Every structure is written in C-alpha cells, then in structure tokens.
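Only one structure is covered here, and it is reproduced in the block below.
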Amino acid sequence: MLATFNSSWFKLLGIFTLNQTEVKAFPMRWFGFGFNAFGQICVHEELIKGVWSDAVNEVKVSTPTELDNQVDTSDCCLTTGYQIRASWSRRASLHLDGDSCACLAGFVSNESCGKPMKESRGCKDAIVSESYLTLAFSDRLESWDLQKKEQTPSWSMKLKPHSSGPPVNLPLVPGGYIAMKPPLYRLLSPHLRAKSLALSAEHAILLTASGAVYTWGLGSHGQLGHGGLTSEEEPRAVEALWGMPMSCIATGGWHTVCVSDGGDLYVWGWNNSGQLGLPSQGLRKTLLQQSSQLAGAPCQDASTTPTEEPEEEKHEEVFISIQAFPALLDVTPSCEIRTVSCGCRHTAAVTTTGDLYTWGWGDYGQLGHQTFISSDEPQRVEFFREQQMRVVDVVCGAWNTFAAGVKEEVA
C-alpha cells in the first residue's frame, strides 16, 4: 500500500514509502514528449542562436525527453524542485524553492526563453495560456499579456494579508477564478466551496471541498456530463457522480475526466480520437485507412472484419463517439489512479504504483510510446519502467505531455 503524503511535499522532494521499505530521495526529473514546434520540450543549439526552421527544430518528439533545467540563475536562486504548467505553444516551469519564480519556454523571445521572469520573483503559483501568464503572490495576483511587451500587468488584484481562507490554487482565486481570455476575473458563488478548477477553451469543471463535481460552458459534445448536449451558463452538479467524492479533475478540448477518492477514473465527452479510452469508430477507421495505404490494399469499414466468421461467432463491436454522462474506465485492474491530466484530444493518468498510462490522439508522439500512433485503449508508457523510474505527476499541454519521475532505488 502506497503511503499518502501532502501532494506538494511529494512533488518537490520525490520521497515515498512502499511496504514499509525506505526509499532514497532523488531529484524529481521532468520529461516531455509530443508537439515541440516552439521548443517547449527541447531546443536545438541552432534555434538558440536564432536560426528558425522545421529542419532545425524537431516538431514531433515521440520518446520521453528530459527537460533542460539549465536556466540562468543570476536573478533567481533555483534548485531541483519545480512544477510544470503548459499551453499549446508554451511551457512554464514554476520553481517554489529558493527564490521562487517562473521560467517560460516555447513561443517566447530568445532573450527570455528559459530565464526566470523578474516579474515572477516571489510567486507562489502560476498558470499559462496562449495569451496570459497569471502569477499568484502572497499579497496580490497579476496577469501579464504574453503578446505584448508591457511594464505593468494587464490585470491585478490585491489579496488580504493573513486571510483565513484556503491558499490560492490557480485558476481559483478569492471570490472567483481566472479565465483563459478577457474578462480574466470571473465570479464564483461562495456556496460552491471550490477546491480546484480545470478549464478548457469552452467549458469548465469544478471540484468542491466535499468532493462533488460541477460543470458549465459548451456542452455540444457531452463534455459537461449531464446526459445531453446542451450548454450551461452556470455551474451545474454532475448528478451521475453524486455521493461519490472525487479527488482530482481534468479537462481536455471537448472531454472531461475525474478520479474518485478510491482511485477510480470516470470519463465523458467526445471520443473521436479515443481520448476517453473507449472504442472509437472514427479512430479505428483512421488507423485502418493508414494501414491500408501503407499496404496498398483497399480500405474496409472499421466495424467489419476482413474474413467471414461462422454465424454464431459474429458480433458487432459497440463504438462510442460521444459519451454524454460519466463512464467508469478500467485503466489497469491491478492498482488505482492517483492523478490525471488531459490534452486537447489525449489523456494521461498516473497510477498509485508509479506507472504512466496514456491514450487518445498520438500524431505528435504525445502518448510517449515512441510512435505516432493513436490509441483508444490505455497503454503503459514503458520508458519509465525501463529507466527504473516512478512517475509522480503528469501535466498535458494541448498536443504534448510532461511527466515527472524519480529514480526508484531501495535502500
């Protein structure tokens, strides 16, 4: 049985106990794979020098690659512990030990890439989108427009000192949350007692202090989990999960997932790329077309088999394009899910035994299986097992994945 620790302490130190056996502490190492057109994962020397081309920058990274943490420490004292935030074209590294600060990589200027932002010194949390970097300090909140070179934040809010409320957990802030586009500050009812919040471009999922789940926004692909395809302007409880406390939530482009206190994973929304881990006819057809083109053979329908079967053995697989209410997904029968994250059309989950499973769209290598093949079945990323590493956290960008691991060595 894996011992339970405070998540922030676990992430920063990478120390754990298994079956009463002490395991040595090792630095937590972050790896990235998937979309890398802007150098979010790795940057070649030519790109650093200002030579930009597809030949220079590796757009697709299918093998988990360790992130370069060699940042300029002249303005900020950094050590090994840090967290990752990601958007489509950017990655933010949040250093919470030493002189806490944030560093940006990806679609940023060469002068600032990988360097601590002087405006972020002393920050306690950060989130990044395609347009804004929001920083939380002990006494204030600031949102900086990444598309403009401004000397002052686009939005800011002072925080009451020594507040009795919970610490800021972006995008949640006192009285509301920070949206991905203006107006940045949105109100939330205090009766919700929000604990965490996950945002996509068009819908949101909120976890309350009691473990209840609320969703709102666009519902055209069943991503709200209310059994229909209608949108909701205000937070509405996901009734199918009522009475089952949840501990973790995440949202992708048009799909949503959550983890129960008992480690069960529930999924709903769009499944065209297999991002729910359920049988996807659209994905099977795409894979069949690709294999037929490679073999030079005519394409067959994904719902039929190439050879005739005896009448009594014939069966038609049930495919799911839209799952409009939560479905229980059995990722692996041997252990529970500890945390989960979603990209635009893929999903990644970490088990209590330290394994990483991924599924969904994989055209950029974001599944980490050292291929560019999509999958509607959860598959373990073997790289970390081969490296004798235990995965402790995962963060998905829109088309890429970042996983944190610690070396597993029993004393």
Taking ALA126 as meeting all but one of (1) at pLDDT below 90; (2) touching a Ser or Thr at 6+ places or on another chain (Cβ under 8 Å), write down the number of the exception. (1)
Pick from region 199-213 the residues that are under 16 Å from LEU241 (Cα atoms) and assigned to a loop (DSSP other than H, G, I, E, B): which of them is farthest from the chain's Cα centre (by Cα)? SER210
The strands (runs of 3 or more DSSP E) lying entirely within region 220-279 that contain at least 1 residues which are open to solvent by 20 Å² or more (accessible area, probe 1.4 Å) and within 14 Å of ALA349 (Cα to Cα) are 246-251, 265-270
Would you point out which residue out of SER143, SER163, SER196 is at pLDDT 95 or above and either farther than 22 Å from GLY252 by Cβ or in a loop (DSSP other than H, G, I, E, B) (or both)? SER143
Output the residue which, of all residues in region 367-392 that are more than 15 Å from the chain's Cα centre (by Cα) and part of a strand (DSSP E or B), is surrounded by the fewest Cβ atoms within 10 Å (Cβ to Cβ). GLU377
Among the candidates GLU317, GLU386, which residue alone is over 25 Å from LEU199 (Cβ atoms), at pLDDT below 95 and of a type outside the set (S, T, N, Q)? GLU317
If you go through SER143, SER120, SER129, the only one that is open to solvent by less than 40 Å² (accessible area, probe 1.4 Å) and closer than 15 Å to VAL108 by Cα is SER129
Going residue by residue through region 280-295, is there one that turns out to be outside any helix (DSSP H, G or I), within 15 Å of SER321 (Cα to Cα) and without any contact (Cβ under 8 Å) to a residue 24 or more places away in the chain? no
Any residue at all in region 168-183 that is open to solvent by less than 40 Å² (accessible area, probe 1.4 Å) and either within 27 Å of ILE322 (Cα to Cα) or in contact (Cβ under 8 Å) with a residue 60 or more places away in the chain (or both)? yes
Those residues of region 398-411 which are in contact with a helix residue (DSSP H, G or I) (Cβ under 8 Å, 6 or more places away or on another chain) and open to solvent by 10 Å² or more (accessible area, probe 1.4 Å) amount to none
Looking only at region 323-347, how many residues end up being hydrophobic (A, V, I, L, M, F, W, C) and in a loop (DSSP other than H, G, I, E, B)? 3
Expected single match for surrounded by 21 or more Cβ atoms within 10 Å (Cβ to Cβ), part of a strand (DSSP E or B), touching a Phe, Trp or Tyr at 6+ places or on another chain (Cβ under 6 Å) and not acidic (Asp, Glu) among VAL350, VAL395 is VAL395
Just checking, how many residues over region 184-211 are in contact (Cβ under 8 Å) with a residue 24 or more places away in the chain and open to solvent by less than 20 Å² (accessible area, probe 1.4 Å)? 10
Of the residues SER112, SER62, SER87, SER120, only one is among the small types (Gly, Ala, Ser), in contact with a strand residue (DSSP E or B) (Cβ under 9 Å, 6 or more places away or on another chain), over 17 Å from ASN400 (Cα atoms) and modelled with pLDDT of 70 or more; which? SER120
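The values are calculated or read from the model by the stated rules, or taken from the named source; none is laboratory data. Nothing here was measured: the structure is a model prediction, and the numbers come from that model. A quick note on method: Cβ atoms are made from the backbone with ideal geometry, for glycine too, and the neighbour counts reach across all protein chains shown. Remember, those area values only see protein heavy atoms, side chains included, never the ligands or the DNA or RNA. Shrake-Rupley method; radii C 1.70, N 1.55, O 1.52, S 1.80 Å.
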